[in-house]
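A quick write-up on the structure given underneath.
The values are calculated or read from the model by the stated rules, or taken from the named source; none is laboratory data. The shown structure was predicted, so the numbers you read here are calculated from the model rather than taken from an experiment. Glycine gets a Cβ as well: all are built from the backbone with ideal geometry, and neighbour counts include every protein chain shown.
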Amino acid sequence: MREELRVAAYAICVRDGQVLLARLVGRDGSRRWTLPGGGMDHGEDPYDTVVREIAEETGYTAEPTALLGIDSMTRHYPRRFGAVADFHGLRIVYEARVTGGELRHETDGTTDMAAWHPLDAVPALDRVDLVDAALALWRTRPPTGRTAERR
């Protein structure tokens with residue numbers, strides 16, 4: 001089994017009762033909503049990562065205003081030639097506010113669309129678990145930066 005670690009930074013942007021989401025396109029063609037954000041480049045600060053990723057995926061410039069916490073998740077998935085990956089994802093979650101730019105969709109990236117969604121409509125969306133984890137961090141702002149529920 002091969003161990004893999006991915007560190008990424010994401011933003012939850014809430015404005016006028018709506019949350020900004022990007023639609024992730026899976027390798028299998030599936031489409032699910034996620035937070036704007038993504039993997040850190042080597043040597044990149046997570047703050048800079050989230051600012052870059054928001055711009056790439058939504059067209060907006062944004063300013064992180066608070067560090068909400070870190071979501072840690074693990075899973076196993078098949079790799080080529082019958083191998084299995086033991087994946088560990090550390091997802092740094094910031095609260096951010098949009099400061100400029102215009103909403104647009106990413107081209108040639110991992111997402112194909114960005115949109116604002118009413119907070120009360122999120123439970124009906126086909127979404128990744130990070131959205132729920134980040135909303136819990138945003139709503140409860142736990143001092144430990146960790147929600148009570150662990151996956």
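A compact table of results
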| read-out | value |
| --- | --- |
| Count of the stretch 107-146 residues which are among the basic types (Lys, Arg) and surrounded by 14 or more Cβ atoms within 10 Å (Cβ to Cβ) | 2 |
| Selection count, the stretch 96-111, where residues are at pLDDT 95 or above and of a type in the set (Asp, Glu) | 1 |
| Strands (runs of 3 or more DSSP E) wholly inside the stretch 38-151 that include at least 1 residues being more than 18 Å from Arg23 (Cα to Cα) | 60-78, 84-101 |
| Within the stretch 1-36, tally of residues that are assigned to a loop (DSSP other than H, G, I, E, B) and surrounded by fewer than 16 Cβ atoms within 10 Å (Cβ to Cβ) | 8 |
| Single residue of the stretch 55-70 satisfying the filter (under 19 Å from Ala114 (Cβ atoms) and of a type outside the set (Asp, Glu)) that is surrounded by the most Cβ atoms within 10 Å (Cβ to Cβ) | Thr58 |
| Residue match in the stretch 37-54 (condition: exposed (fewer than 13 other Cβ atoms within 10 Å of the Cβ) and aromatic (Phe, Trp, Tyr)) | no |
